[in-house]
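To start, the structure itself, in structure tokens.
The values are calculated or read from the model by the stated rules, or taken from the named source; none is laboratory data. The model shown is predicted, which means the values in this text are computed figures rather than measured ones. To get the accessible areas, we keep the full protein, side chains included, count just its heavy atoms, and leave off ligands, DNA and RNA. Shrake-Rupley method; radii C 1.70, N 1.55, O 1.52, S 1.80 Å.
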Amino acid sequence: MKGKVYLVGAGPGDYKLITLKGLEAIREADVIVYDRLINEELLKEAKKNCEMVYVGKKSNQHTMKQEDINTLLVKEAREGKIVTRLKGGDPYVFGRGGEEGIVLYSNNIEFEVVPGITSSIGGLCYAGIPITHRDHASSFHVFTGHLKNDDEELEWDSMVKLNGTLVFLMGMSNLEKIVSRLIEYGKDPNTPVAIINWATTPNQYTITERLDQIYQLAQEKNIKPPSLIVIGDVVKCREQLNFFENKTLS
Ligand code: SAH
């Protein structure tokens, strides 16, 4: 029997936010290789004898190195297994899905990629923030707040000229720097910002503040990863569109 790998986006947290194709890949799998940010409820959908391999990592302590994950996917597929590689959000949005796919291709392993709802859009939605809105933002831009090398800089200069919504993933450890660079390069200190922690889960928690005060508030409220940082006028829509947190409260 020929093995195959599915690189699957599990969505941002709420387990119902996976695609039908993603769910099928979970049900079909002989092995599931999964990350920290996926909702473990999804694993209950697997076959009884499906093997589960956790390869999650926190930002500074790696449970399994990326090369070892790549090797594992290739090895399991070569043994003729259906391998489902479950990733939070969308596999190609800062998920290293591209790297894994290329390794599979180079090793002649059959694979399919199943897109997922990325936290960078769906997570905002659950906090009542539309990533675009005709009155507030005609584009959106998703950045990593955590570059490969610490001394590398994002393109602040061009970033502050954008009129669209700015979203940072993996940005919490650099929040102070992100905020001060944006202001330094000319972003209005009054720009609304939201930080959404554990978006789309029952623990979802959101704070909003002006750009020049958000860091202090995040410190006070002790907001940790995983969080989304959203900068732009669309944050104002939250007053009217916050269906999820209002529901949770009631
Ligand atoms: N592929 C994922 C992103 C992986 S990078 C996606 O498309 O969503 C991991 C970062 O995503 C985290 O550090 C955090 O910034 C963000 N993130 C993912 N899920 C999140 C969630 N439920 N709540 C808040 N942030 C989340």
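Would you mind working out the accessible area per residue for the chain, using a 1.4 Å probe, and quoting it in Å²?
Numbers: 13300 Å² over 250 residues.
Per residue, the chain has an accessible area of 53 Å².
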Carbon + sulfur, % of accessible area of region 4-114 - ligands and nucleic acids excluded, 1.4 Å: 50
18 Å Cα-Cα reach of Lys224 towards lysines, excluding residues that sit fewer than 8 places from it in its own chain: Lys57, Lys58, Lys177
Residue order for Cys50, Cys125 - accessible surface, 1.4 angstrom probe, largest first: Cys125, Cys50
Mean projection area, nm², convex hull over Cα of region 119-249: 7.5
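What is the percent carbon and sulfur in the accessible area of region 119-249, measuring with a 1.4 Å probe over the protein chains and ignoring ligands? Could the numbers behind the result be given before it?
Numbers: 3300 of 6960 Å².
The computed percentage sits at 47.
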